[in-house]
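Trainee: Structure provided below as C-alpha cells; questions to follow.
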Amino acid sequence: MKRIFIIVMVCTAAVLFSGTAVKAQDPIIGTWITIGDQGADKGKETSHIEIFEKDGLYFGKIVKLLLPPEPDNPNELCLKCPGDLKNKPILGMVIIKNMKKTEETDKKMGLLYAGGTILDPESGSTYKSKIWVNGDVLTSRGYIGIPMIGRSVEWKRLK
C-alpha cells in the first residue's frame, strides 16, 4: 500500500511539473522590443512590451519607454486614447488584449495568435490583431476589417 502511495505521488508531481514547464515554454510569453516603422522613429527601439498569459488569453503591457521626450516618464499620458484610457499613463498600459493561440503555424512567420486587439497609444486607435512568433521575432499585424488591409511590424525578443 505504501509503495502505491509513493508511485501515485511521484506521478502527480511529474504531471504538475510538466504542465508548468509546458506553459513556461509558450513562445509569445516574454518581453519584446518594439521597433518604430514610420516617421522619425523608423528603425529605432521605441518600447518594451511584456506579454503574459491570463486564463488562456494573452495580453501585452508597456513596461518601458525608450525614446524621448522622456523615456520611462510615468506621467506621459495617452492623450488620444479612447474611453477609460484617455489621459492615463502609457507606461503600464495594456495594449494587447485577448489574443488566443491558434495552433496554426506558418513556415516563415511562425506560430499564430489571433482574435484579440492591439492599441496604438500614439494615435489612440484600436485594431484587430494577429501575432506570429518565430523564435526571437514577433510579427504583429493590426487591421480594420480584413487582415489584408493593415500594417505589420516586427519586434525582437529582449534577452
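The values are calculated or read from the model by the stated rules, or taken from the named source; none is laboratory data. A quick note: this is a predicted structure, and the numbers were derived from the prediction, not measured. Cβ: placed from backbone, ideal geometry, glycine included. Neighbour counts: every protein chain shown.
Trainee: From L85, L111, grab the single residue that is in contact (Cβ under 8 Å) with a residue 60 or more places away in the chain and of a type outside the set (V, I, T).
Mentor: L111
Trainee: State yes or no: is G36 touching a strand residue (DSSP E or B) at 6+ places or on another chain (Cβ under 6 Å) and either among the aliphatic types (A, V, I, L, M) or modelled with pLDDT of 95 or more (or both)? Break it down into steps so the answer makes sense when it comes.
Mentor: Numbers: touching a strand residue (DSSP E or B) at 6+ places or on another chain (Cβ under 6 Å): yes; either among the aliphatic types (A, V, I, L, M) or modelled with pLDDT of 95 or more (or both): no.
Judged against the criteria, G36 is not a match.
Trainee: When you check I28 against the structure, is it modelled with pLDDT of 95 or more, in a loop (DSSP other than H, G, I, E, B) and either on the phi > 0 side of the Ramachandran plot or surrounded by 14 or more Cβ atoms within 10 Å (Cβ to Cβ) (or both), yes or no? Before you say what the answer is, go through the steps one by one.
Mentor: Details: modelled with pLDDT of 95 or more: yes; in a loop (DSSP other than H, G, I, E, B): yes; either on the phi > 0 side of the Ramachandran plot or surrounded by 14 or more Cβ atoms within 10 Å (Cβ to Cβ) (or both): yes.
Answer is yes for this residue.
Trainee: Give region 135-149 a look and list any residue that's of a type outside the set (V, I, T) and crowded, with 16+ Cβ neighbours inside 10 Å, or say none.
Mentor: Answer for region 135-149, where residues must be of a type outside the set (V, I, T) and crowded, with 16+ Cβ neighbours inside 10 Å: L138, S140, R141, G142, Y143.
Trainee: Report yes if L111 is buried (at least 17 other Cβ atoms within 10 Å of the Cβ), within 16 Å of T31 (Cα to Cα) and modelled with pLDDT of 95 or more, otherwise no. Before you say what the answer is, go through the steps one by one.
Mentor: Values: buried (at least 17 other Cβ atoms within 10 Å of the Cβ): yes; within 16 Å of T31 (Cα to Cα): no; modelled with pLDDT of 95 or more: yes.
Judged against the criteria, L111 is not a match.
Trainee: Can V133 be described as out of contact with any Leu (no Cβ under 7 Å at 6 or more places or on another chain), among the β-branched types (V, I, T) and within 18 Å of I29 (Cβ to Cβ)? Break it down into steps so the answer makes sense when it comes.
Mentor: Numbers: out of contact with any Leu (no Cβ under 7 Å at 6 or more places or on another chain): no; among the β-branched types (V, I, T): yes; within 18 Å of I29 (Cβ to Cβ): yes.
Answer is no for this residue.
Trainee: Still on this structure, please answer the following. Of K54, K61, which residue is surrounded by fewer than 10 Cβ atoms within 10 Å (Cβ to Cβ) and modelled with pLDDT of 95 or more? Explain how you work it out, then say what you get.
Mentor: On the way: K61 fails: surrounded by fewer than 10 Cβ atoms within 10 Å (Cβ to Cβ).
Residue meeting the stated conditions: K54.
Trainee: Something else now. Being assigned to a strand (DSSP E or B), more than 19 Å from E53 (Cβ to Cβ) and in contact with an Asp or Glu (Cβ under 7 Å, 6 or more places away or on another chain) narrows it down to one of K156, K128, so name that one. Please lay out each step first, then the result.
Mentor: On the way: K128 fails: in contact with an Asp or Glu (Cβ under 7 Å, 6 or more places away or on another chain).
Every option except K156 fails the conditions.
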